[in-house]
Amino acid sequence: VLEAIDMAAVASTPTPEEWARTPAAAALLDRCAARAGFPADRIPAAARMLHGSLRCPVRLGDLALERGFSSVGRSIAEMEFLYPIPEAWHGSPAAGAIAHSVGRGMVRGFVDLAFEHLGRTYILDWKSDVLPSWDAAEVERHVAANYSIQAAVYTLALARMLGVGSASDVAGRMGG
């Protein structure tokens, strides 16, 4: 659902029930439920979870989205990238984000969501991990242990797509 959801439609409907009744949302929910073998009687609960999650206020560093991710400006879901594995001679300021030794080749992937907010571009990766606790320390530990390479690869992909050429470009154009 998150790959094809219309964020503006979520933002413009105050309740999950209203959103789920729109023809586009109903078709999307039904199609995705059928494809995944998800019981139809659980679609209303899924709609409430999706709508609430996308409209929940978000604060990450200096990013503040009072109406959640549904309120972002331009966005693209499942943004594909393909680039050569960075080598020292590439000289990209973001290339240093990947501190692992790799050989020659290509990196290909998909960013779940890229969006602009107040002139800066952000990347978002949806996760469905089950953790023993959701306190900040546990989440930070889990992310560092399991997703640091992915974050570096996605950061480099975004920097390449934006044509970032200096550290000041990173600070001014990339949000996180």
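The values are calculated or read from the model by the stated rules, or taken from the named source; none is laboratory data. Model, not experiment: these values are computed from the prediction. FYI the Cβ positions are ideal-geometry reconstructions off the backbone, even for glycines, and counts take in every protein chain you see. Accessible surface is based on the protein model in full, side chains and every heavy atom, while ligands, DNA and RNA are left aside. Shrake-Rupley method; radii C 1.70, N 1.55, O 1.52, S 1.80 Å.
At 0.36 nm per residue, and after removing the present C-alpha to C-alpha distance, how many nm does the segment from Ser128 to Ile149 gain when stretched out fully?
Values: separation 21, 0.36 × 21 = 7.56 nm, distance 1.79 nm.
The span from Ser128 to Ile149 would gain 5.8 nm if fully extended.
Calculate how large, on average over all directions, the projected area of the Cα convex hull of the chain is; give the answer in nm² to one decimal.
On the way: hull surface 47.4 nm².
Computing the convex hull of the Cα atoms and averaging its projections yields 11.9 nm².
Specify the residue with the greatest mean-square fluctuation among Asp135, Asp62, Asp112, computed from a Gaussian network of the chain linking alpha-carbon atoms under 10 Å apart.
Asp135
Specify the longest stretch of the chain that does not include any exposed loop site, a site being one of the trypsin sites (Lys or Arg not before Pro) with a non-H, G, I, E, B DSSP assignment and at most 15 other Cβ atoms within 10 Å. Walk me through the numbers on the way to the answer.
Working: sites that count: Arg67, Arg74, Arg104, Lys127.
It runs 1-66.
Taking all protein chains together and a probe of 1.4 Å, list Ser75, Ser166, Ser128 from the most accessible to the least accessible.
Numbers: Ser75 60, Ser166 40, Ser128 105 Å².
The most accessible residue leads, giving Ser128, Ser75, Ser166.
State to the nearest 20 debye the size of the charge dipole of the chain about its Cα centre, where the only charges are +1 on K and R beta carbons and -1 on D and E beta carbons.
Working: 16 positive and 19 negative charges, 39 e Å.
Here the size comes out at about 180 debye.
Based on the Cβ-Cβ distance from Arg104 to Glu80, what FRET efficiency comes out when R0 is 25 Å, to the nearest 0.05?
Numbers: r = 21 Å, r/R0 = 0.84.
Calculated value: 0.75.
Between Met49 and Glu17, with labels modelled 7 Å along Cα→Cβ, what's the label distance in nm to one decimal, could you check?
2.0 nm
Tell me, which longest segment in the chain has none of the chymotrypsin sites (Phe, Trp or Tyr not before Pro) that fall in DSSP loops with at most 12 further Cβ atoms within 10 Å? Mind dumping the intermediate values first?
Values: sites that count: Trp126, Trp134.
Segment 1-125 is the longest.
Between Val58, Val143, Val130, which gets the highest mean-square fluctuation from a Gaussian network model of the chain, Cα cutoff 10 Å?
Among Val58, Val143, Val130, the largest GNM mean-square fluctuation belongs to Val130.
In Å², what does the accessible area per residue of region 135-174 work out to with a 1.4 Å probe?
On the way: 2190 Å² over 40 residues.
That works out to 55 Å² for each residue.
Tally Lys and Arg at +1 and Asp and Glu at -1 over the other residues with C-beta under 9 Å from the C-beta of Ala4: what net charge comes out? Provide the component values of the computation, followed by the final result.
Working: positive: Arg31; negative: Glu3, Asp6, Glu78.
Value of the local net charge: -2.
Based solely on its DSSP helices, what 222 nm [θ] is calculated for the chain when runs of n ≥ 4 H residues each add -39,500 (n - 2.57) and the sum is averaged over all residues, nearest 500 deg cm²/dmol?
Working: 6 runs with 73 residues, N = 176.
The helix-only estimate for the chain comes to -13000 deg cm²/dmol at 222 nm.
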